[in-house]
Amino acid sequence: MNYQDQVRNRYFEWLYNYACKGRINEHISFRKLFANLHDTQFDFYIRNDVNRAMDGVNLRYRFATVVRDDEAFDILSDYPCSVLEMMLALAIRTEEQIMDDPQYGDRTQQWFWGMLSNIGISSMSDDVYDEQYVNERIYRLLERRYEPNGKGGLFYIRDCDTDLRDVEIWTQLCWYLNTIS
C-alpha cells in the first residue's frame, strides 16, 4: 500500500473513531455505512450549503494537525466533500460553537447519530447492512426529497411552518436546536 492510500485509510479510521469510539460497542461495526457515506459526494442545491462542504473539507486539515502530518492535507485535498465529512463537521460545529456545555460533556456523537437516525440509517450495522436502502436514504437527503418538516433529512422539526427542503442546512440546524432547548 502506498503512502497516499495509508493516509486515506488513517483519515477514514479517524472519522470513524470520532463518530463511534466510546459510543458503539466494539463488537458492532458500522464500517460499511461509514464507507458508503464517505464514498458519496456531498452535492448541494442551496447556495449557502457550500459552507457545510467547506466545513467537511476542513476536517482534513484538523486530521492533518492531530496526526502531525503536513502532507496529509495535500493528499486528502484532491476530492470533494463527502456526506460523512459534511455530517461529522456539522456535528462538531454544533457542539463546539453552539451547544458546548461542560455540564453535559462533548455531545458531538449525539448530534451526529441524531442526524443518522433522522435519515433512517442509524441501525445499519455491518451485520444487517442493506446497501440499496442506505443509498436510497442518502440520495433522498441529497436531493431534498424528504418531508417538508425535515423527516428523512438531517433535522426533523415538528409543526414546522416552513418547507425545510428550501432552507439551507445551517438554518435547519438552528431552528431544530431552538425546538429542543
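The values are calculated or read from the model by the stated rules, or taken from the named source; none is laboratory data. If you're wondering where the values come from, they're calculated on a predicted model, not measured in any experiment. The protein model used for the area step is the full one, side chains on, heavy atoms only, and it has no ligands, DNA or RNA in it. Shrake-Rupley method; radii C 1.70, N 1.55, O 1.52, S 1.80 Å.
Measuring nothing but protein heavy atoms, the accessible surface of the chain at 1.4 Å probe radius is 45 percent carbon and sulfur. Comparing Arg52, Arg140, Arg158 in a Gaussian network model of the chain, where Cα atoms under 10 Å apart are tied by springs, the biggest mean-square fluctuation is seen for Arg158. Look at [x] 10.3; [y] 11.0; [z] 12.2: the one that is mean projected area of the Cα convex hull in nm² derived from this structure is [y]. Computed from phi, the 3J(HN,Hα) profile of region 137-151 under the Karplus parametrisation 6.51, -1.76, 1.60 (θ = phi - 60°) reads 5, 5, 6, 4, 5, 5, 8, 6, 9, 7, 6, x, 7, x, 4 Hz, with x in place of Gly and Pro.
One chain, two ends: Cys174 and Arg23. Fully extended at 0.36 nm per residue, the span grows by 51.9 nm beyond their Cα-Cα distance. Derived scalar couplings between HN and Hα for region 83-93 equal 4, 4, 4, 4, 5, 5, 4, 5, 5, 5, 4 Hz in order, rounded to whole Hz, by the Karplus curve 6.51 cos²θ - 1.76 cosθ + 1.60 (θ = phi - 60°), x for Gly and Pro.
For the chain, modelled as a Gaussian network with Cα springs under 10 Å, which listed residue fluctuates most, Tyr156, Tyr16, Tyr104? Looking only at Tyr156, Tyr16, Tyr104, the biggest GNM fluctuation is shown by Tyr104. Mean-square fluctuation check for the chain, GNM, Cα pairs under 10 Å: which of Ala19, Ala91, Ala72 is largest? Result for the chain, Cα springs under 10 Å: Ala72 fluctuates most. Amide H contacts for Ser82 (H built 1.01 Å from N in the peptide plane; partners 5 or more residues away or on another chain; cut-off under 5 Å): Phe42.
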